[in-house]
Structures are given as structure tokens and as C-alpha cells.
Amino acid sequence: MIFHSTKNKDHRVSFKEAIFKSLPPDNGLYFPEFIPELPEEIIADLGGHSEIEIAFAIAKPFIEGQIPESELFEILEDTLTFSFPLTDVEDHIKTLELFHGPTWAFKDVGARFLSRCMGYFTRESGEESVILVATSGDTGSAVAAGFYDVPGVEVKILYPKNKVSEIQQKQLTSWGKNINAFEVNGTFDDCQKIVKSAFLDKDLNEALNLSSANSINIARLLPQSFYYFFAIRQLESKEKIVFSVPSGNFGNLTAGVLAQKLGLPIDHFIAATNVNRVVPDYLETGKYVPQPAVQTYANAMDVGDPSNFVRLLELFHHSHPEMAYDIKGFHMNDDMILETIRVCYEKNGYLLDPHGAIAYEALKKNLKPGEQGIFMETAHPVKFLNVVDIAIDEELDFKEKTKELLQKGSYYHSIEKDFAGFKEMMLAGKY
Ligand SMILES: *Cc1c(COP(=O)(O)O)cnc(C)c1O
């Protein structure tokens, strides 16, 4: 499969180039030349196939000719080492729990797949590379866990001092080996500025073979379509299926639409956002108006100009009516997030995280008779205890879950928010 830039169909690259470059030079996004159809015998009998077999059938046409089939199969086995349980919450509402991976959020799936693909190519070529990531929390930890001990790949993670939770900090800094964490005396934007400057810096690029692992990387997007299949595989009901997806950069939802185009019978989606409602507004009005991001309790979705929106447009042939037919918008504010977590816990005994809470409420408000709703639980609530604790009156105890992690050491370098200093350190090869 060839991938092209969404801005220029003549800019064509291989899967390998698309994942190492992450972004085309024209600032478009890489997009597959065509969307294959999954064999009917698999779609018709998901229950008769294992998760790995399904994932393999999905990934194969995209990666054919680039990674041998036996290697691809191993990469998938090594990516999908945890479960994706479809759990009952209430009548007609189930949740697909995506937080059973190493860093307790769904980003583990994409990060593990990307890292193992890069690991394969690095082994083949003998060329080492350095991954640079700026993170406000979840992305960096998933990337760290994903790339840990992958030979030939060094990871440098920049996170803002005092702006990530204790658990996130541990998940960023407790690795060692090929993972280096940098605590930046500044904000997430400062971290991002350093990373952006690094990618534009000729000396650093020549010295280090820099790559990125950010969420627009095609190898993070593709495997996210797997879990929509895994959800339906566990479903017995033959009702119309509605997926409600908590969305920020819209990678997760884009992968869902990809699953639908591959042939999975999904009736429609709900794009569930916090007050950063650019896409729900677009769905209603047909006008896409990026906004500065607003900080919310569901902070992994504080995005004012979602990076995958362009890919959604491609999937729907740039037709607003076509997209609005398959995706309904929903948004809610912080007060409603707290209220939803509280009510769902009281009524169902199910503890939501702030992101999943929005997607759950979106189903409550929109589900029609004859529809089966599935919302994505994108993180374990323990990752957002600061919010969940406000919503729930009783004392929540996650000591068992977090004990092992909190006992681990932290390894990081404290740096100032200046690119020149960072560059000097990198060129000196100190870390
Ligand atoms: C990243 C993230 C999201 C948003 O996913 P997108 O693919 O960017 O839309 C939602 N919930 C959690 C917990 C996340 O970490």
C-alpha cells in the first residue's frame, strides 16, 4: 500500500517512510491510497476468529510488501498482550474498556504497534533513530512503555514540571534503559516548542536521525481500528450498533470510521467532546472553525484544532452531509462531567473516568430504541483521581492498583525551557 499526503496526492511514500517521517513535508497527513475491504468470511464470523487473526487481516493490506507476514503476525501478538473487555454498564449501554494496557489508557495500542514496526525496520537497516516527544501525560507514557527495550530506538520525552499527576510522572520516568525523560521547567507548550525546534534544526537532524511518535503517525492510527472489531466480536445482540467515542485529536474516532469502511457493521458514531466543541459544531453547521484549546477535567481532549480532522474529511470525501450522516456530535462541560461520574456510579456501580463519562452521557442522551450503544473507556479512572474524587463522596481506594508503580524509582533530567541548552546536551551525546 502506498500512502500519500492529504495535501498532495502525488507525494507518495511507503509505509516505512510514512511512519519514520510521521508528517509529509507539506504539512498534510499521510493517508492510504485506498481503503481495502476485509474478507466477508471474517466480518460475518468475528467470533470464529481470534483477536490476532482479525488484527492481522486488517493490517495486512496496509503493510504488505513492507514487513513479512510472519513478522507482522509477531508484531501484533506482541502489541495485543492485554484484554479489551466489553462490559455491561446498563440496559443497552456497554463500554469497551481500553485501559488494560501497561499505562492504563488506550494510547498503549497505537504506541506499541508503532514501536514494534519501527523496531523491525531499525533491525533490518541497522540505522538507529531517536524519537522525540512532548507530552502533557498520556501520550508520553504510552510511548515510553511501547518503546521500552526496543533495540536501536532511543526515546526522549519532555514533560512539564508539576503539571502531570504523580501516577503519570511515574509512568514517564520509571523506565531507564533506552527511555530518557526530561522534566522541563515550563508548560506543555514550552515542551512542544523545544520538540518543534528540534525537528527544524539541521544539526540535530543530521546527528540524531530524529523521528516522532505523535498521534498523527499512521502506525498509531491503523491499529486503533482493531478494537472496534474486538467490541462487536463480543456482542450477541443484533441491534444497530452506535459507538460513542471520547475525542480530542480524533485519532480514535477516525480509526472507528476506518473500521466501518473496512466493512464492520456500525450504524453510526457519536463524537463526544468536552467544551472544545469544534467538531460537534462542524457537524451541526458545516463550518470548521478552529479555536484556542480550553482547559477541562477531560484534559486529554483539550484540543481546539484536532489533528485528525483532515483524515475524517478524506474518509467522507470532503462531504459534510456524508460525515454528518455517520457521526453525531455531543459535548459537555466540567460540571456535567462530575455529575455524570457521580450518577453513573450511584446507579450502576460503574466508575467512569472524565473522558469516558462524556461518551457515556452522549449515549444516554441520544440512544434510540433498537440501538445498542458502546462507549469507549479510554483511561482507567485512577489516572484522573483528582477529578473522580471530587465527583464521588465515598473514599476510593486504588492502593492495590498503584502500589507497584509508586514504589518504582524516577529517572529524569531537569532542564530549562530553552532549545539551545537542549540542543547542546543532545549534540554532546550526554543523554
Ligand atoms: C488521548 C485521549 C483521548 C482522545 O483521543 P483522540 O484519539 O485524540 O481523540 C481520550 N481519552 C483519553 C484518556 C486520552 O488519553
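Things worth noting here:
- Packing-based ranking of 350-356, 147-153 yields 350-356, 147-153, ordered from highest to lowest mean Cβ neighbour count within 10 Å.
- About the centre of its Cα atoms, the range 202-334 shows a dipole size close to 260 debye [charges on the beta carbon of Lys, Arg (+1) and Asp, Glu (-1) only; nearest 20 debye].
- ³J(HN,Hα) computed for each position of the range 90-101 - Karplus, 6.51 cos²θ - 1.76 cosθ + 1.60, integer Hz, glycine/proline x: 7, 3, 6, 10, 10, 10, 8, 7, 9, 10, 9, x
- Placing dummy labels 7 Å off each Cα toward the beta-carbon, the span from LYS177 to GLU322 is 4.4 nm.
- Estimated from helices alone, the mean residue ellipticity of the chain at 222 nm is -12500 deg cm²/dmol (sum of -39500 (n - 2.57) over DSSP H runs with n ≥ 4, per residue).
- Simple spin-label estimate for LEU235 and GLU37 gives 2.1 nm between the two label positions (7 Å along the Cα-to-Cβ direction from each Cα).
- Fully extending the segment from PHE199 to HIS413, taken as 0.36 nm per residue of separation minus the present Cα-Cα distance, adds 75.0 nm.
- Look at the Cα gyration tensor of the range 99-226: its axes a ≥ b ≥ c give a/c of at least 1.5 with a/b at or below b/c, and that counts as oblate.
- Pairwise centroid distance, computed over Cα atoms, of the range 291-334 with the range 389-409, Å: 32 Å
- Antiparallel content of DSSP bridges confined to the chain, in %, to 5: 20 percent
- Per-residue packing, averaged as other Cβ atoms within 10 Å, sorts the ranges 86-92, 165-171, 114-120 into the order 114-120, 165-171, 86-92, beginning with the highest.
- Here the chain is treated with +1 on each Lys and Arg Cβ and -1 on each Asp and Glu Cβ, and its dipole about the Cα centre works out to around 820 debye.
- In the range 79-212, the DSSP beta bridges split such that about 20 percent are antiparallel, to the nearest 5.
- Proximal aspartates and glutamates to LYS161, defined as alpha-carbon separation beneath 17 angstrom and excluding residues fewer than eight positions away on the same chain: ASP138, GLU183, ASP189, ASP190, GLU416, ASP418
- Averaged over residues, the count of other Cβ atoms within 10 Å places the peptides 291-304, 383-396 in the sequence 291-304, 383-396, highest first.
Each reported figure results from applying straightforward, stated rules to the coordinates on display, with no laboratory input. Keep in mind it's a predicted model, so treat the numbers as computed, not measured. Quick reminder, even Gly has a Cβ in these numbers, built from the backbone with ideal geometry, and neighbours come from all protein chains shown.
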